[in-house]
Structures are given as structure tokens and as C-alpha cells.
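Worksheet for the structure shown next.
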Amino acid sequence: MSAATTTEEAAATSSTPRERGTLKHTLPRRPIFLIGLVWAASATLATMLSLHSLPSVYDTSWQIFFGVASLGSASALVGIVFGDSLSHSLAFGAALLIARYCSGASIVEASPPLVVAALASIRGTRAIISNLDWELMFSSTTLHACCLLPFLTAVYLLIASDFNVKAPGLFSITPSCTVAFITLALMHYYNKNRAHKHGYLLTSEMKSHAVFVANAIILSASLMTQDEPFYMVIVVFLLGSMFALLMSLFFAGVADSWYTVGSGQFQMVSLDSVGMMVYFFWPAIIIYFRFVDKYGDYIGGKSITAFGYLKSMGLLTDSPLKSGDDIFSFSFVLMLAIITAVGVPVLNALCPLGGYLYSRAYTHGQPNTKQVALCISYSDLPKDRTTLWAILADKKKEGQATAVLNIFVTLEDLKMHPSELKLIAAKGHKLSLEPTEFIGLSLLQKTAATCNIEFAHYEYTEVLGEAPAWLLAKSVDAIGRHPSLFHKASDLGMKVVYWSTLVKVASGKLTSQQKDVIIGDCQDKNGGSIIYVTSDNSTSNTTAPLCEVVGMLDEFTFESLSSVARDDPTMML
């Protein structure tokens, strides 16, 4: 009896509390299996679409198409899982290099993304790549124009092209434009209707990286179009990337519409999304291709006859294009390249797929709780904190049980300021870990990332007498989004936190726009917001901004991250 009781107690002690409404412990421990499924599905769809695009013009086996499409989808998935445009640049350049080398062609076309990745590995040039202000180019209007203009141009070229090409080739380009339109529409809908209107997960440095990488990818694709025999190589490559992006956008968009809280709920909703794909989308795709096989020649022939009749009636003018123009024109390749180059960082700004797959990650807590988490890095705290502590103490006097500040510390902070951190913790504020900054590509920083977080975890426990509960997923300059880092954090019992509202202080005080953003986000969800305040430079004083945030949110309580994002919360409707 006592032995059985002891066994049960040991099992209860060692088990991790199950999150309510999740599938925790039922999915594979290593998410590479799930990523592999998405990769295989993306490459297969791109291969099927390529084989139906110009079957009468290009006599190529499906194995070659599948190999090239696999490289394209793998490069996009690397950028999505790592949440990093620089990793995407390295993967895109390397994959394109392999595709070009296997085709027996020049490898110069693959160099632009690799050059950007190489420059990011050098401290001096990385500072240039990271510190340029690209807010205008990253605005919604600019993104829409960059994506829609090449798409509309490709559609125009399709309609205006001379119809001396064969009917199957003419008709079967429509699926590619259709998939491109669906991807753009889903990206636009997701961005416009996301749960947190100002919850972009990219810092200004990451936005700057995204623009440099996008230009490199577009330049590389443009160079490929100069070599006509290898048109299909870049087309199939980019189709593989686009399908990987489309599937990732679908999973992320469905989860966001359900307002999932944490990795467990995201995985649960994603399983439902897989069911939707299996029972609805795959049958529709199969039916579509069967329809193309059976009626493609007939509809293509009728289209040519109809356009010829309209021209004879004078309703259509002669085509401004030459009959020798390839149906996969420069604009079509440019459209596919821009969708991939823009879509990957946009998805990373909206959803941390890598964090959801490799750790227990949160971008926000439960809504309708009247609780928010106010976060700041220790390096951004003002040196004179008397006013800040007084404001928080007054908040407690107004009837609130707690007024907690969540502070992120690095390994260096723990080693250099242990006494000060102990005093902060004694005041009731919560300390969490933050990775150390490293110069280099996060894709290649696996060992540095895991070792750094292990040492920081040990030092935190030694200084404060308890294990840390949270880790900040900072920008790529701090290797804070490497999957190995997330996996190690889970092994150490830590959760990963992003933010629902990012406030970057530039002039020592909040702007009116920043105030509206903070109030609007908190009131929209009635709690659960994670507000991360960071300084634009080392000279900015964050005392006034922090005090303003505390003063603005009178109806909310400032709690620890563990209180705002709980594993097993009470249901509040």
C-alpha cells in the first residue's frame, strides 16, 4: 500500500500540469516530424501544379520538379520556423545554389541572398543592415503595392499575350495565378483582422533585415529570368516556397481567429485545421486537377476561338506582346519572388510558429481578466528608480493586491548586479531570463544559444534561490528565436514569452499614438495584454513612459507573467 502511494506521489510530482483545452503530451516531442509533413505537402502541391502548367513545352520528369520544389519549400520553412529573415536569406541562397548547381548552370544568381547573410555575420556591416529606418517600406500600403502590382501585371500579360501557344499551356497557367491570389488574400485578411492590431513581433532591426533580404531574393530571381532554359527551375522553386507560406499562413490565421492562448491551444486548433485540409481542401484540389485534365484542351481551344472572334469584330486590338513571349514572363517570376520575400517576414511578425512548435510560448494571456503584464529589460530600466517604485506603491494603495513589474535579465546582468537584482525581487517584482546578444546568424548559433541559456538558468537559481519561469524571445540579434533555444527552455521548465504590444521609447516619453495603442489593445481584450517597453537608445530615460503606462491603465491590475498567462485558468466569459 505504501509503495503504491509512493509511486503515485512520485508520478504526480514529476508530471507537468496539463494545460486546459490543449493536446499537450499527445503530439510528437520533436516537431521536425510535423514540419516534415508540411514540407512534403508543399513540395507535392508545387510539383503537381508545375506538371500541369506547361506539359507540352517542358519535357521534365516529376522527380526533378519535386527536388526543386522541395528546396524552395525547405528554404521558406527555415525562415518561418526560425522567425528570422537572415536565416531565410541563407537558406534561400543555399537551396537555390544547389538547384542551379544540379542543373549545370552558373551559380552567380544565388549569390545576393548569400551576400546579405555574409554581411550580417560581420559586426560593422550588420550594424548598417540593422539600423536603417524602413518603417515607410514596411507599411501596409507599401506591402500591398509590392505584392499586388506584379500580380496584376502577370494577369495582364496572361490576358494580353498572343494566343499562338498551345491550349493546354494557355489554360493551365490560371492555377498558378489563382494560388498566388489566394496567398495574397489570406495574407491581407490575416494582417487586417489579427487579434492584436499592433502586436507585430518584429523589432525595428528585424524589419530592416527583412527589407534587405527581400531585395536580395527579388534580385536573385530576376537574374534567373535572364537564363531562359532555366525559367522552370526558378518558377518551380518559388512555387514550393509559396505553398509552404500558404500552408503556414492557413494554420496561423485559423489559430489567430480562435484567439489561442499559448502553444497548447495553438496545437489543438492546428489539428482541427489539418482535418479541414484533409476533408475539404485536398478533395477540392484533386477534383480541380481532374477537371483540368479532362476539359483543359476544350476550354483552352474555346478561349482562343472566342478571343479570335472578338478581334475580328474589332472589340479587341492586336496583342501588344510577341507570340514568342514565354507564358512564364518576367512579371510572373517577379510576382512569385515578391510573395515569398514579403510573406515570410509578415508571417513572422504575426505568429511565432517556431515558438509554438518547440516550446510553451505565449504572445498574450487570457482575455477578460483585467490583468496585464508590464515588461522591460533590466538594461532599459532607469538608473534612478525612486519615482517608478513610488508610482507602483501608490497603485497598491489604491486597492490593488499587486503592482508587479516584469524585468528581463541576461547572464551578464546576473553576474554583475546580483545584489541589486535581489533587492528588486524583494520588492515583489518578477525577474525572467533574456538571451545574451551575439553577432552572427542565428541559424548557426545553436551551441551558443543553448549554452548561454543553461548558464543563465544556473546563475539565476544561484542568485535568487529559485528557478526562472520565463524566457524572453527577443530579436535575432540576441539569438532569442532559435528552435534549439526554445527546446532547451522547455527542458529547463521555462515558458517563452513574446509580446502583444511593443512600445519603443525614443524621446523619453510616450507619443500620443503609443498611448492610444496601449489603451486600445488592453481595452479590446479586457486583459491578457503583454506590454513590452524598450528603449530606442541607451540615453533614453524610461521612467516617464513606465509611469505613464501605469497611470493610463487605472482599470487594470499589473500582474506577473505567470498570473496573466496561466496554464489552467478559470473560464471567464
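The values are calculated or read from the model by the stated rules, or taken from the named source; none is laboratory data. Quantities reported herein were computed from a predicted structural model and do not represent experimental measurements. Note that we place each Cβ from the backbone using ideal geometry, even for glycine, and neighbour counts take in every protein chain shown. These area figures cover heavy atoms from the full protein model, side chains too; ligands, DNA and RNA do not enter into them. Shrake-Rupley method; radii C 1.70, N 1.55, O 1.52, S 1.80 Å.
Using the Cβ of LEU238 as centre and a radius below 14 Å, the other residues enclosed give a net charge of 0, where K and R count +1 and D and E count -1.
If you count, for each residue, the other Cβ atoms within 10 Å and average over each peptide, how do 365-371, 215-221, 82-88 line up from highest to lowest?
Top to bottom by mean Cβ count within 10 Å: 82-88, 215-221, 365-371.
Exposure check, 1.4 Å probe, all protein chains in place: LYS197 carries approximately 90 Å² of accessible surface.
Electrostatic bookkeeping for TYR498 treats Lys and Arg as +1 and Asp and Glu as -1; over the other residues with beta carbon under 10 Å from its beta carbon, the sum is +2.
With a 1.4 Å probe rolled over the protein heavy atoms of all chains, the accessible area of TRP499, TRP39 falls in the order TRP39, TRP499, largest first.
Tell me, what is the per residue accessible area of the range 346-428 in Å², probe radius 1.4 Å? All intermediate terms of the calculation are to be shown ahead of the outcome.
Numbers: 3260 Å² over 83 residues.
So the range 346-428 comes to 39 Å² accessible per residue, rounded to a whole number.
Kindly flag which residue pairs out of LYS197/LYS430; LYS427/LYS515; LYS192/LYS515; LYS197/LYS370; LYS383/LYS495; LYS430/LYS488 have an alpha-carbon separation exceeding 24 Å in this structure. All intermediate terms of the calculation are to be shown ahead of the outcome.
Values: LYS197/LYS430 27 Å; LYS427/LYS515 27 Å; LYS192/LYS515 21 Å; LYS197/LYS370 19 Å; LYS383/LYS495 29 Å; LYS430/LYS488 21 Å.
As for pairs spanning more than 24 Å Cα to Cα, those are LYS197/LYS430; LYS427/LYS515; LYS383/LYS495.
If Lys and Arg each add +1 and Asp and Glu each add -1, what is the summed charge of the other residues whose beta carbon sits under 11 Å from the beta carbon of THR511?
Values: positive: LYS504, LYS509, LYS515; negative: ASP516, GLU548.
Surrounding charge for THR511 is +1.
Once a ≥ b ≥ c are taken as the square roots of the eigenvalues of the Cα gyration tensor of the range 209-292, is the result rounded (a/c under 1.5), prolate (a/b larger than b/c) or oblate (a/b not larger than b/c)? Walk me through the numbers before you get to the answer.
Details: a/c = 4.58, a/b = 1.46, b/c = 3.13.
Judged from the Cα gyration tensor, the range 209-292 comes out oblate (a/c at least 1.5, b/c at or above a/b).
Taking all protein chains together and rolling a 1.4 Å probe, THR125 ends up with roughly 40 Å² accessible.
Largest to smallest in accessible area, the residues ILE128, ILE518 fall in the order ILE128, ILE518 (1.4 Å probe, all protein chains included).
Over the range 195-279, calculate the relative contact order: mean separation of alpha carbon pairs under 8 Å at least 6 apart, over the residue count, as a percent. Walk me through the numbers before you get to the answer.
Details: 20 pairs, mean separation 19.8, N = 85.
In percent, rounded to a whole number, it is 23.
Using a probe of 1.4 Å on the protein chains alone, the accessible area found for GLU434 is around 10 Å².
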